[in-house]
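To start, the structure under review is shown below, and the notes come after it.
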Amino acid sequence: MIGLSTDPLDVDAITDAVRGPGRGAILVFHGTTRDTFEGRGVVRLEYEAYAGMATAEMTRIRDTIRQRWPGSDAAMVHRLGLVPVGEASIVIAVASPHRAACYEASRFAIDTLKERVPIWKKEIYADGSAWKANATT
Amino acid sequence: MASVTVLYFGPLAERMGARRATVTLQPGETLAALYARLCPPGREGSLPVAFARNEHYAEGTEQPVDGDEVAFLPPVGGG
């Protein structure tokens, strides 16, 4: 399961998508929206995507995980539009035969997503707004 | 005349006041040259962008062809 959603993310459905009888480890990463940036109160956040390319890049992450960590699978859905503070903007589920591969693949998925997937975040404060890019390291 | 669809996102869409445009290419024009022509630096300078052609990352030295979908991607913030 790879996708973009304007509705709250369905963690159970995303997790169930990677379950398998040979997969003894499952990690579910939630990225949630924070309430402050450098001391400024964030009222809400908005995400927008280059939808076709974002889906393609997330699919490439999933395919890389399947190749690099045999027996593993990944599912991920990113929220778009208005996201209230404290809710998940991204949920990534990874399942592997054993835990070591699962931790590695989970970390690879979120790191690569933050670096490559064309999605943009706007923080809206009480007194203005700003587009926030991810750190490049 | 070769023309491409150009997509703007995030802070660049705000700056341009548009999300898409149909643009006629100049002979031999690269993605980087197209960006420089369409989005000249403003008071805040140029927004650094990555380039995409038909939903794949591309180098600025690539030359788009007729019918391509070109996108200028400001630094991403998903996750």
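The values are calculated or read from the model by the stated rules, or taken from the named source; none is laboratory data. Note that the coordinates shown come from a computational prediction; the quantities given were computed from them, not determined experimentally. Backbone-built Cβ (ideal geometry, glycine too); neighbour counts: all protein chains shown.
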Specify the residue that is nearest to residue B:79 (Cα to Cα); the eligible residues are those in region A:18-27 that are in contact (Cβ under 8 Å) with a residue 40 or more places away in the chain and surrounded by fewer than 17 Cβ atoms within 10 Å (Cβ to Cβ). A:19
Please go through region A:86-100 and give me each residue that is more than 13 Å from chain B (Cβ to nearest Cβ) and either crowded, with 20+ Cβ neighbours inside 10 Å or within 16 Å of the chain's Cα centre (by Cα) (or both), ordered by number. A:86, A:87, A:93, A:94, A:95, A:96
Scanning region A:33-59 for residues that are touching a residue at least 40 places away in the same chain (Cβ under 8 Å) and of a type in the set (D, E, K, R), which turns out nearest to the other protein chains (Cβ to nearest Cβ)? A:48
Residue among A:103, A:125 that is among the hydroxyl-bearing types (Ser, Thr, Tyr) and at pLDDT below 95: A:125
Got a number for residues in region B:45-63 being surrounded by fewer than 16 Cβ atoms within 10 Å (Cβ to Cβ), at pLDDT below 95 and either aliphatic (A, V, I, L, M) or over 23 Å from residue A:46 (Cα atoms) (or both)? 2
Cross-chain or 6+ apart pairs with Cβ under 8 Å, region A:61-77 first and touching a residue at least 40 places away in the same chain (Cβ under 8 Å) and more than 15 Å from residue A:98 (Cα to Cα), then in a helix (DSSP H, G or I) and among the polar types (S, T, N, Q): A:61/A:112; A:64/A:112; A:75/A:15
Here are some residues: A:107, A:68, A:34, A:40. Which one is more than 28 Å from residue B:68 (Cβ to Cβ) and touching a Phe, Trp or Tyr at 6+ places or on another chain (Cβ under 7 Å)? A:40
Which members of region A:101-111 meet the condition of being surrounded by fewer than 17 Cβ atoms within 10 Å (Cβ to Cβ) and within 13 Å of chain B (Cβ to nearest Cβ)? A:107, A:111
Picking from A:38, A:48, which residue would you name as being among the acidic types (Asp, Glu) and more than 16 Å from the chain's Cα centre (by Cα)? A:38
Please name all residue pairs, on different chains or six or more residues apart, with Cβ atoms under 9 Å, provided the first residue is in region A:114-137 and is more than 7 Å from chain B (Cβ to nearest Cβ) and under 21 Å from residue A:56 (Cβ atoms) and the second residue is charged (D, E, K, R) and buried (at least 18 other Cβ atoms within 10 Å of the Cβ). A:116/A:57
